[in-house]
Amino acid sequence: MAYTVPKLTDYSVAALEDAVSEFRLALNAERSKIVHEVNDPALTPAVRQDLLKKFRDRWLGRKSGLFGHLNDLWLKNAPPDSKKQVGQLINQVKQTDLPQIEQFVKFLDPTARQSSDDIRSHLVIDDESEVDITLPGVKRAIGAEHPVVKTTNEIVSVFQKLGYSVAEGPVVETDYYNFEALNFPPNHPARDTQDTLFIAGQQAKPQRERLLLRTHTSPVQIRTMEKMRPPIRIVIPGTVHRNDPPDASHSPMFHQIEGLAVDTNITFGDLKGTLDHAMKALFGSSVKTHFRPSFFPFTEPSAELYVTCFICGGSGKRGADPCRPCKQTGWIEVLGCGMVDPNVFEFVKDNGYDPKKVSGFAFGMGVDRLALLKYGVDDLQYFFQGDVRFLQQFG
């Protein structure tokens, strides 16, 4: 079926590039076909010239030429905010390909009385794929880090400079690693299907063997301690899942970074000093930190870490208006932390983690929330929708 310029419903960069690529592939295929046709020795010069005229009119004709259809079907129907980009892309195609078609027809014109070898000396044709490799390729934009990936890398880099290693683990976990070995009691609310996404068909298995999508990256702490003897210092970036409906501040899939340090004589003061340094490295040396008591099953004592709002500078106001990110308090909660509960060490005691001999601290933060604050985005879902127009702002 002969190629026709399609109407576009998607004007994203990727869709436009795909449409241009299809346009050029069709042009290449028809160029290769016309080369073979006009080289038929049985044709008269008049027939060859007629074939070339039809080819030229099909692509360059004023009223029905396919190049003209680009304006009619793409540019005129483009949304206002995409017209400039579409127009630039069409102009680029015309400036590149139109002169080549004119030159192509000139080379094949039988009135020039060129032989088949003369024609092929001007054109490089791949006979197997019927693609003219003399045409320029489609220029694709150079990508950039996604804002969540960029934020993750910045956080990980801070702790790597402190001597931490990066650890990873499976996203599909067992109840044992996700809950039991982290001191969650059997009746803890997090084990309910309202909070956790369980894999179907696990009812016949013992509870500790049932599979689920990990709700935090903490299982990697246990897996790492099973493999490595102390001392250890690790950060754990990765995706996690919870049974939350998507909205402006929640998603069933999001990103976390956790940290774990275990050695002899580690104290809460070491935890405070480490996190204070990390926050200043991330948000600026003027940032102050504040710890408030909290509770987590796998740490005791536990705390939530707040930093002075890096948007309003801790004043609670942005000019005459209240600062929304910190709710006018001047403080923003960024992570949870605490000293590793001795009960957690009991699960890996045989690998050198005797709670009477070692101690450690752990912390965890949501990367997506930090990226929201850092870039001033008001809807978490923008990060996951793949809209190039949104993501290009962070390139």
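The values are calculated or read from the model by the stated rules, or taken from the named source; none is laboratory data. Keep in mind the model is a prediction, meaning the values are calculated, not measured. Positions of Cβ are backbone-derived with ideal geometry, glycine not excepted, and every protein chain shown enters the neighbour counts. These area figures cover heavy atoms from the full protein model, side chains too; ligands, DNA and RNA do not enter into them. Shrake-Rupley method; radii C 1.70, N 1.55, O 1.52, S 1.80 Å.
Brief remarks follow.
- Entirely in the range 274-350, the strands (runs of 3 or more DSSP E) that have 1 or more residues that are open to solvent by 80 Å² or more (accessible area, probe 1.4 Å), of a type in the set (D, E) and under 21 Å from R223 (Cα atoms): 299-308
- Total residues in the range 191-230 satisfying the condition of being touching a strand residue (DSSP E or B) at 6+ places or on another chain (Cβ under 8 Å), touching a residue at least 40 places away in the same chain (Cβ under 8 Å) and not in a strand (DSSP E or B): the figure is 12.
- All positions within the range 21-71 that are surrounded by 18 or more Cβ atoms within 10 Å (Cβ to Cβ) and of a type in the set (V, I, T): I34, V35, V38
- Test: residue in the range 245-254 that is free of Cβ contacts under 8 Å to residues at least 12 places away in the same chain, under 23 Å from E173 (Cβ atoms), outside any strand (DSSP E or B) and within 31 Å of the chain's Cα centre (by Cα): yes
- T264 meets all of the listed conditions (1) touching a Gly at 6+ places or on another chain (Cβ under 8 Å); (2) β-branched (V, I, T); (3) in contact (Cβ under 8 Å) with a residue 60 or more places away in the chain but one, namely (1).
- Considered as a group, the residues in the range 72-105 that are basic (K, R) and farther than 17 Å from S21 by Cβ include one that is surrounded by the most Cβ atoms within 10 Å (Cβ to Cβ), and that residue is K83.
- Taken over the range 351-363, the criterion of being open to solvent by 20 Å² or more (accessible area, probe 1.4 Å) and in contact with a Ser or Thr (Cβ under 7 Å, 6 or more places away or on another chain) is satisfied by K357 alone.
- Among residues that are modelled with pLDDT of 90 or more and farther than 16 Å from F296 by Cβ, R210 is included.
- Residues located in the range 164-187, provided they are small (G, A, S), in a loop (DSSP other than H, G, I, E, B) and touching a strand residue (DSSP E or B) at 6+ places or on another chain (Cβ under 6 Å): A167
- Residues (open to solvent by less than 10 Å² (accessible area, probe 1.4 Å) and farther than 18 Å from V156 by Cβ) located in the range 257-273: V262, L271
- Any chance A167 is of a type outside the set (F, W, Y), modelled with pLDDT of 95 or more, open to solvent by less than 50 Å² (accessible area, probe 1.4 Å) and on the phi < 0 side of the Ramachandran plot: yes
- Between F254, F198, the distinction of being over 14 Å from A362 (Cβ atoms), of a type in the set (F, W, Y) and open to solvent by 50 Å² or more (accessible area, probe 1.4 Å) belongs to F198 only.
- A single member of L70, L52 is assigned to a helix (DSSP H, G or I) and closer than 16 Å to L8 by Cβ, and it is L70.
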